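Q: I'd like to ask some things about the structure below.
Any read-out appearing in this document is the output of simple, stated calculations on the displayed coordinates, not a laboratory observation. A quick note: this is a predicted structure, and the numbers were derived from the prediction, not measured. Every residue, glycine among them, receives a Cβ derived from its backbone with ideal geometry; neighbour counts consider all protein chains shown.
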Amino acid sequence: MTGQDQTASADGAASSPPLLEITRGTATEEELAALIAVIGDAYATEQAEATVEEPQVSAWERTQRPLRRPLRRDIPWGRFSG
């Protein structure tokens, strides 16, 4: 794989595929195939489990409004502003 190999993801953005580099020893084709299968499965499992839970908002919370705007603490008031 080279740095120029890119695939388009579902949202249309280009993303580079994962890079696998063997730094020591010589691996056979069967060992490389097994390694790619294991890493691919772990990646797919991690991607499937990486979801954010939707916050549950009740109807009461959706219809509530704040009582007033928050106070601005950066504006001094009164005659003693120093």
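Q: Highest mean first, what order results for 49-59, 32-42 on Cβ atoms within 10 Å?
A: Result, highest mean Cβ count within 10 Å first: 32-42, 49-59.
Q: Once label points are set 7 Å from the Cα along Cα→Cβ at both Ala34 and Ala50, what is their separation, rounded to one decimal in nm?
A: Going from the Ala34 label point to the Ala50 one covers 2.7 nm.
Q: Starting from the Cα of Thr26, step 7 Å along the direction of its Cβ; do the same at Leu71; then give the gap between the two resulting points in nm.
A: If labels sit at Thr26 and Leu71, their model points lie 7.8 nm apart.
Q: Further question: Is the stretch 18-61 rounded, prolate or oblate when judged by the Cα gyration tensor, a ≥ b ≥ c being the square roots of its eigenvalues, rounded requiring a/c under 1.5 and prolate requiring a/b larger than b/c?
A: Prolate shape, in that a/c is at least 1.5 and a/b is the bigger ratio.
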